[in-house]
């Protein structure tokens, strides 16, 4: 009998140990949400400095100030994700009716002049597609390509939430050259990701002094997409951009493409 009791005790201990190991390896019961600020500039200017009075994340269950009273040169954020704040989340309801509220100063400093903003308060709805146990990035992007027009600044922000895995968003880099042989860089040229029928511009950015461009951690829809160079100094007034795209350089953007060079001749 004593041997049987000892065996039962040993079995019970093993069960407790195995149960402890199993619990330690299960999915975590919280998520980390990281908020980023970025920019997609599309004009040859010295700087694009704006006083950000406040960026706030709010939902039915919380209000969190992400940034407050800070001068931000959005031009310096081209292709860069600037971390604002990260939070630990244990309740999926935190994203119920969630949104990003942005309050800006009424002027933007371009270095050689200041221009007035048409809108100083922006409200962006945020996706509620969220599961506890997985980490997410919330990216807030100012697109200067569609914000600056005729000495007016009407801030065009967009935001999206992506799971923190390379399968859900992509980084695309490359260079814009005159031709494949000489490879003289085309500096400060706008590069765009567009739908194949040229009806919609999804993202835009600017080449640097070396002709390099970068789209950092962007989320692409399941559409036929192309990447192309726009005419220098173009101002995009609508989503119909077919007349602005240099079609000879438009290249099909497949799911496996992460680096691509564009050649535009003398344009």
| If each of residue 83 and residue 53 carries a label point 7 Å out from its Cα toward its Cβ, how far apart are those two points in nm? | 2.9 nm
| residue 105 versus residue 70, label points 7 Å from Cα toward the beta carbon: distance in nm? | 1.6 nm
| Mind checking Rg over Rh on region 170-263, alpha carbons, Kirkwood formula for Rh? | 0.93
| task | Find how much the distance from residue 259 to residue 209 grows on full extension, using 0.36 nm per residue of separation minus their present alpha carbon separation; answer in nm with one decimal. | result | 16.2 nm
| query | By how many nm would the segment from residue 96 to residue 63 grow when fully extended, if each residue of separation counts as 0.36 nm and the alpha-carbon distance is taken off? | reply | 10.7 nm
| remark: One finds, for residue 199 and residue 152 with R0 = 25 angstrom and r their Cβ-Cβ distance, a FRET efficiency to the nearest 0.05 of 0.50
| How would you classify region 171-223 from its alpha-carbon gyration tensor, with a ≥ b ≥ c the square roots of the eigenvalues: rounded for a/c under 1.5, else prolate if a/b is greater than b/c, otherwise oblate? | prolate
| task | Multiply the residue separation of residue 34 and residue 224 by 0.36 nm, subtract the distance between their alpha-carbon atoms, and state the gained length in nm to one decimal. | result | 65.4 nm
| query | Per the Cauchy relation, a quarter of the hull surface: what is the mean projected area of the convex hull of the alpha carbons in region 31-163, in nm²? | reply | 7.4 nm²
| task | Output the peptides 211-218, 175-182, 50-57 sorted from most to least packed, where packing is the average of other Cβ atoms within 10 Å over each peptide's residues. | result | 211-218, 50-57, 175-182
| said: Just to be sure I understand the model, the point goes 7 Å from the Cα along the line to the Cβ. What's the resulting residue 129 to residue 178 distance in nm? | reply: 4.5 nm
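Taken together, the values in this text are just the output of simple stated rules run on the coordinates, not laboratory data. Note that the structure is predicted; figures quoted are calculated from it, not measured. Cβ sites come from the backbone with ideal geometry, for glycine too, and all protein chains shown count toward neighbours.
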